[in-house]
Structures are given as C-alpha cells and as structure tokens.
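K.L.:
Attaching a single structure in structure tokens format; questions to follow.
Please treat every number below as a calculation from the coordinates, not as lab data. Everything numeric here is computed off the predicted structure, so don't read it as measured data. Glycine gets a Cβ as well: all are built from the backbone with ideal geometry, and neighbour counts include every protein chain shown.
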Amino acid sequence: MKIRVDKEEYTELLERVAALEKKTAEDREHIFENWQWTRESLYKMMEDYFKRKCITAIVKRDKEQIIGELKKQALDNVFKEKN
C-alpha cells in the first residue's frame, strides 16, 4: 500500500520538522545553561547543608558538655562536706 503525499504537504512537513529541530536545539542549549547554574547552586546548597549540620553537632556537643559540668558543680555543692 503506497501513500501518496502532495508536494505542498511534503514541503510543509519538511518546514515543520526544521522548525522543531531548531526549537529543540534552542531548548537543549537553554537546558544546558540552566543545568550549569543548577549544578553550581546544588553544590552550594549541599555545602551550606553540611556546614550547618557540622555547626549543629558542635553546638550540641558543647551544650551537653556545659550542662554536664553545671550538673557536676551543682551536685558537688549539694553534697559538699563541711570541714
């Protein structure tokens, strides 16, 4: 079974394909530029996240040490033997 295509229809189809290829090429370039920006911002967000996590861990550790020392001092004061 052969399908006959009119010459006008064929040229219109070729023009549509060319337009789609051009649009796709432009989109690809745009996506690549945005990906570069997104990758850089993603690395920055990851760096900030890990920096905050490290700071949070240090603050918790310091807080627990300070609370432990205060509890020890309070218990020493409560059970302090008088001379």
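K.L.:
I'd like the distance separating the alpha-carbon centroids of region 42-83 and region 8-23, in whole Å.
P.N.:
Measuring centre to centre over Cα atoms gives 68 Å.
K.L.:
Right, next: Residue by residue, what Karplus-based ³J(HN,Hα) values in Hz, rounded to whole numbers, does region 51-58 have, using 6.51, -1.76 and 1.60 with θ = phi - 60° and x for Gly and Pro?
P.N.:
With the stated coefficients, region 51-58 comes to 5, 5, 4, 5, 5, 4, 5, 5 Hz.
K.L.:
How far apart, in nm, are two points set 7 Å out from the Cα along the Cα-to-Cβ line at VAL17 and at ARG52?
P.N.:
Each label point lies 7 Å from its Cα, and together they span 5.1 nm.
K.L.:
Quick one: Cα convex hull volume of region 36-76, Å³ per residue?
P.N.:
Taking only Cα atoms, region 36-76 has a hull volume of 25 Å³ per residue.
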